[in-house]
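Presented below is the structure to which this report refers.
The values are calculated or read from the model by the stated rules, or taken from the named source; none is laboratory data. The shown structure was predicted, so the numbers you read here are calculated from the model rather than taken from an experiment. FYI the Cβ positions are ideal-geometry reconstructions off the backbone, even for glycines, and counts take in every protein chain you see. The protein model used for the area step is the full one, side chains on, heavy atoms only, and it has no ligands, DNA or RNA in it. Shrake-Rupley method; radii C 1.70, N 1.55, O 1.52, S 1.80 Å.
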Amino acid sequence: MTTKNARELTEASVEARLAELLQQERFAPQEAFAAQAEITDPEIRARAAADPTAYWAEQAGRLRWSRAWDQVLDSSEAPFYRWFSGGTINVSDNCLDRHVEAGRGDKVAYHWHGEEGETRDITYAWLLERTARFAGALRELGVGKGDVVGIYLPMIPEVVVAMLACTRIGAVHNVVFGGFSAGSVAERMEVSGAKVLVTADGARRKGRTAPIKPSVDEHMGPEAVPSLQRVVVVRNTGIDVPMTDGRDVWFDEVLEAADAVDPEPMDAEAPLFILYSSGSTAKPKGILHTTGGYLTGASTTHRQVFDLHDDDVYFCSADVGWITGHSYIVYGPLANGVTSVMYEGAPDYPHKGIWWELCERRGVTKFYTAPTAIRACMKWGVEHVAPHDLSSLKLLGSVGEPINPKAWLWYWHVVGGERCPVVDTWWQTETGAIVITTLPGLDAAKPGSAGLPLPGYEVQVLDAEQGGVVEEGEGLLAIPRPWPSMLRTLYQDPDRYVSTYWDRFGPTTYFVGDSARRDADGYTWVIGRVDDVINVSGHRLSTAEVESAIVAHPAVAESAVVAKADDLTGQAIVAYVTLQGGTDASADVEAEINATIADRIGKLARPKRIVFTQDLPKTRSGKIMRRLLRDIAEERDLGDTTTLADPSVVDQLQQRWQQG
Ligand code: WTA
């Protein structure tokens, strides 16, 4: 499809322009954008900082509460903070009923696009009708307030219905990204004690059908997940799947049979969802978000950062299975009543220009993606972007990992036509909502820096040794004041919540786990994780999790996993593996190890490279020196290796590495 506003872009012209733009440090909002922007008050941060609780109360007040709160912030049991105590609110009511009652039922919530070109326009009224009935169905299946419902679905409208239906009756959803394996779903269902799982017969993956239900059955028998009583199956691909009598039901059938139910007023601090995320150990952390504060944070930041207007068409390319999907595909956009584009498929299917085709077709105004995707688009070439009319775009967002200036500039020049502000949004599953970015109508962006804390937030860089505030320079990122959408605990593991986030700087300063640099203008430049979390294509994984999947293979004696910088994916996984005595490394073993990882975690966790070795570099006390393994993979000088029990190990490893 070539259109009137196609642009003359060639690799050479882009390269030349980026070389010029690399000289420019700041990108101030353009006049045309600033003139229409919602937030232009340069004092907004100062006003919020003068009285943060009043500021957040004002934001929360934009939502519909069934009972007003008694107290905005209760810090009496810090770090177990409570927001809007005494208030009651329902999330699905705010995302759906409120808009429909205001006469906006016919507004499209999602222009859904399937990977084979089908499309469905999902209105707010449609979503409400389905959500209210599916909530009734869940109740009939025995789900009550506080019960955990697992959701393992592809990017189809039913995933939104399932999530909202949970919120309508106060059930706690636990969504697992479709790219994770059924084995990892089983683990997350088991540890969260899920009562019901909502899944699909199969998913479409780049023109093929991947069966889901059969692998769910394989991993989620009564022994593996004793709490699981019912499995609800969405007929998505229409493939034949086994259904277990008394346990499995079809989504469309239970929905058809159920009565619509009204939204249940929920305590502001009632659990809303759990999202498992990787931490320093092999055991994923069940990050728990609650109702009133989370919705306040997600909706406020979505409105501010994306400069929302009534006629926006917003497209976030994430998957609902990650926090970005929760906050910025589902809850933020729906609470704000915007129209979104939801795409089922991969960015390169059916072709490498599909996102831009959808932007053109739907007149997308705000687009939000990850640096790794931008770098992939750069690699695929401007010829996939240039034919499309992207003149409807007004703003571009980035999330998930630091964005290198070149990718930032490419996004700005090639996609945004040098017209659209780029907001680099820093946040985490734990923060629930964006914390650091530039307000697009107000702040200048600096490519590579996320920017400034949003109004109502405070962010610090603290000295790693002394803990003092670093005004300008490097240190550990910290948030010294609670915010409404912060995680409340780790599900059923409050001790780990305290030790992970609040031991380092005390119960009032949240330890982020990232290192960062603060510049003279107060801008934050995030460097990366300081724990054993790896960020591959914006997907959060832990080294320990991958290691434990590798050692599950019977031939493996020991394994150490490290992250290596990667031009495309940000970081890539490198695994060093020693096999049980006598076993030789072979292509078969390597394939089997990869299969084990795919089965236990998901294909996304397969290492970019597996290096077989007779031994790992260890200190005399037997501790694996991961720093050296990383240096080997990044081909750096190894420096002092005299503390090793056997320094010759690293020489052998370096040779291995170079042999490729
Ligand atoms: C990293 C994703 C630099 C960071 C929303 C953080 C970023 C981790 C950015 C959280 C950004 C996220 N610039 N780094 N704009 N956004 N990160 O929980 O290391 O999947 O701690 O949340 O991603 O990953 P998570």
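Report the residues of segment 423-452 in range of a label on ALA34: point 7 Å along Cα→C-beta, backbone N strictly under 15 Å from it.
Of the residues in segment 423-452, 439-446 have backbone N under 15 Å from the label point off ALA34.
Leaving ligands, DNA and RNA out of it, report the carbon-plus-sulfur percent of the accessible area of the chain at a 1.4 Å probe. Walk me through the numbers on the way to the answer.
On the way: 11750 of 24600 Å².
On the chain, the fraction of accessible area on carbon and sulfur atoms equals 48 percent.
For segment 64-99 and segment 561-638, compute the distance between their C-alpha centroids and round to whole Å.
What the calculation gives is 46 Å, centre to centre.
Label ASP245 and PHE80 with points 7 Å out from Cα along Cα→Cβ: what is the distance between them in nm?
It works out to 4.6 nm between the two label points.
Taking every pair of alpha-carbon atoms in segment 312-445, give the share separated by more than 24 Å as a whole percent. Let's see the in-between values first.
On the way: 1950 of 8911 pairs.
Percentage above 24 Å: 22.
Could you check the simple spin-label distance between VAL551 and LYS206, using points 7 Å along Cα→Cβ, in nm with one decimal?
Taking the simple label geometry, VAL551 and LYS206 are separated by 3.3 nm.
Cβ neighbours within 10 Å, averaged per peptide: list 63-72, 422-431, 389-398 in order, most packed at the top. Walk me through the intermediate numbers first.
On the way: 63-72: 16.0, 422-431: 23.7, 389-398: 21.6.
Order by mean packing, descending: 422-431, 389-398, 63-72.
Compute the distance from the alpha-carbon center of segment 441-489 to that of segment 329-358, in whole Å.
One Cα centre to the other: 30 Å.
With a Förster radius of 41 Å, plug the Cβ-Cβ distance of GLU465 and LYS379 into 1/(1 + (r/R0)^6) and report the FRET value to the nearest 0.05. Could the numbers behind the result be given before it?
Values: r = 40 Å, r/R0 = 0.98.
Approximately 0.55, to the nearest 0.05.
Per DSSP H run of at least 4 residues, take -39500 (n - 2.57); add these up for the chain, divide by its residues and hand me the 222 nm value, nearest 500 deg cm²/dmol.
On the way: 19 runs with 183 residues, N = 660.
The per-residue figure over the chain is -8000 deg cm²/dmol.
Where does each of 485-494, 296-305 land if you order them by average Cβ count within 10 Å, highest first? Could you put the intermediate results ahead of the total?
Working: 485-494: 21.0, 296-305: 26.3.
Per-residue Cβ counts within 10 Å, averaged per peptide and sorted highest first, yield 296-305, 485-494.
For segment 1-67, state the semi-axes of the equivalent ellipsoid (square roots of 5 times the eigenvalues of the alpha-carbon gyration tensor), sorted largest first and rounded to whole angstrom. Walk me through the intermediate numbers first.
Details: eigenvalues 343, 77, 25 Å².
Equivalent-ellipsoid dimensions as semi-axes: 41, 20, 11 Å.
Provide the per residue accessible area, probe 1.4 Å, for the chain, rounded to a whole number of square angstrom.
Using a 1.4 Å probe on heavy atoms only, each residue of the chain averages 37 Å².
Determine, from the Cβ-Cβ distance of GLU253 and ALA125 and an R0 of 30 Å, the FRET efficiency 1/(1 + (r/R0)^6), rounded to the nearest 0.05.
Details: r = 22 Å, r/R0 = 0.74.
Taking R0 as 30 Å, the efficiency between GLU253 and ALA125 is 0.85.
At 0.692 mPa s and 37 °C, plugging the Kirkwood radius over alpha-carbon pairs of segment 529-629 into Stokes-Einstein gives what diffusion coefficient in µm²/s? Intermediate values should be presented prior to the final figure.
Working: Rh = 13.8 Å.
The Stokes-Einstein estimate is 238 µm²/s.
If we count every other residue with Cβ under 14 angstrom of ARG609's Cβ, Lys/Arg +1 and Asp/Glu -1, where does the sum land? Don't jump to the answer; show the numbers that get you there.
Working: positive: LYS564, ARG606, LYS608, ARG630, ARG656; negative: ASP566, GLU590, GLU634, GLU635.
Value of the local net charge: +1.
To the nearest 20 debye, what charge dipole does the chain have about its Cα centre, counting +1 at the Cβ of each Lys and Arg and -1 at the Cβ of each Asp and Glu? Can you show the working numbers first?
On the way: 64 positive and 91 negative charges, 26 e Å.
Taking the Cα centre of the chain as origin, the dipole is about 120 debye.
Starting from the Cα-Cα distance between ASP503 and ILE527, subtract it from 0.36 nm times their residue separation and give me the gain in nm to one decimal. Can you show the working numbers first?
Working: separation 24, 0.36 × 24 = 8.64 nm, distance 2.19 nm.
Going from the current span to full extension adds 6.4 nm.
If DNA, RNA and ligands are ignored and the probe is 1.4 Å, what is the ranking of ASP521, ASP588 by accessible area, most exposed first?
Values: ASP521 85, ASP588 105 Å².
Result, largest first: ASP588, ASP521.
With a cut-off of 8 Å between alpha carbons and a minimum separation of six or more residues, what is the relative contact order of the chain in percent? Could you put the intermediate results ahead of the total?
Details: 1450 pairs, mean separation 93.7, N = 660.
It comes to 14 percent, rounded to a whole number.
Quick one: plug the Kirkwood hydrodynamic radius of segment 233-339 (C-alpha pairs) into Stokes-Einstein at 25 °C, 0.890 mPa s, and report D in µm²/s.
Values: Rh = 17.0 Å.
Rounded to a whole number, D works out at 144 µm²/s.
How big, on average over all directions, is the shadow cast by the Cα convex hull of the chain, in nm²? Don't skip to the end; give the middle numbers.
Details: hull surface 118.1 nm².
Result: a mean projected hull area of 29.5 nm².
Taking the convex hull of the Cα atoms, report for segment 605-660 its projected area averaged over all directions, in nm².
Details: hull surface 16.3 nm².
Average projection, Cα convex hull of segment 605-660: 4.1 nm².
Within 10 Å of each candidate Cβ there may be at most 13 other Cβ atoms; applying that plus a DSSP loop requirement, which GluC sites (Glu not before Pro) in segment 108-213 survive?
Values: sites: GLU115, GLU116, GLU118, GLU129, GLU140, GLU158, GLU187, GLU190; in loops: GLU115, GLU116, GLU118.
In loop regions of segment 108-213 (DSSP not H, G, I, E or B), the sparsely surrounded GluC sites (Glu not before Pro) are GLU116, GLU118.
What is the sum of charges, Lys and Arg at +1 and Asp and Glu at -1, for the other residues whose Cβ falls under 15 Å from the Cβ of ILE593?
Details: positive: ARG600, LYS603, ARG606, LYS608, ARG609; negative: GLU545, GLU547, GLU558, ASP584, ASP588, GLU590, GLU592, ASP599.
Once all neighbours under 15 Å are counted, the net charge is -3.
Modelling each spin label as a point 7 Å along the Cα-to-Cβ direction, I'd like the ASP70/GLU25 distance in nm, to one decimal.
Rounded to a tenth, the inter-label distance reads 5.3 nm.
Extension gain GLU8-GLU118, at 0.36 nm per residue separation less the Cα-Cα distance, in nm?
Numbers: separation 110, 0.36 × 110 = 39.60 nm, distance 3.02 nm.
Separation in residues times 0.36 nm, less the Cα-Cα distance, equals 36.6 nm.
Taking the inverse of the average 1/r across all pairs of different Cα atoms in segment 39-175, what Kirkwood radius in Å do you get? Can you show the working numbers first?
On the way: mean 1/r = 0.0574 Å⁻¹.
That comes to 17.4 Å for segment 39-175.
Residue separation times 0.36 nm, minus the C-alpha to C-alpha distance between THR53 and ARG630: what's the value?
Details: separation 577, 0.36 × 577 = 207.72 nm, distance 4.39 nm.
This chain segment gains 203.3 nm when fully extended.
Quick one: net charge around VAL191, please, counting Lys, Arg +1 and Asp, Glu -1 for every other residue with C-beta under 13 Å from its C-beta.
Working: positive: ARG188, LYS283, LYS285, ARG496; negative: GLU187, GLU190, ASP493.
That sum, taken over residues with Cβ under 13 Å, equals +1.
Cα centroids of segment 39-61 and segment 225-292: how far apart, whole angstrom?
36
So how do 258-268, 12-22 stack up, highest first, on mean other-Cβ count within 10 Å? Can you show the working numbers first?
Numbers: 258-268: 19.0, 12-22: 13.8.
Order by mean packing, descending: 258-268, 12-22.
Would you mind estimating how fast segment 411-551 diffuses translationally, via Stokes-Einstein at 20 °C and 1.002 mPa s with the Kirkwood radius over Cα pairs, in µm²/s? Mind dumping the intermediate values first?
On the way: Rh = 16.4 Å.
This corresponds to a translational diffusion coefficient of 130 µm²/s.
What residues from segment 484-523 fall in the zone where the backbone N is under 17 Å from a label point 7 Å along the Cα-to-C-beta line of GLU472?
So the set is 517-523.
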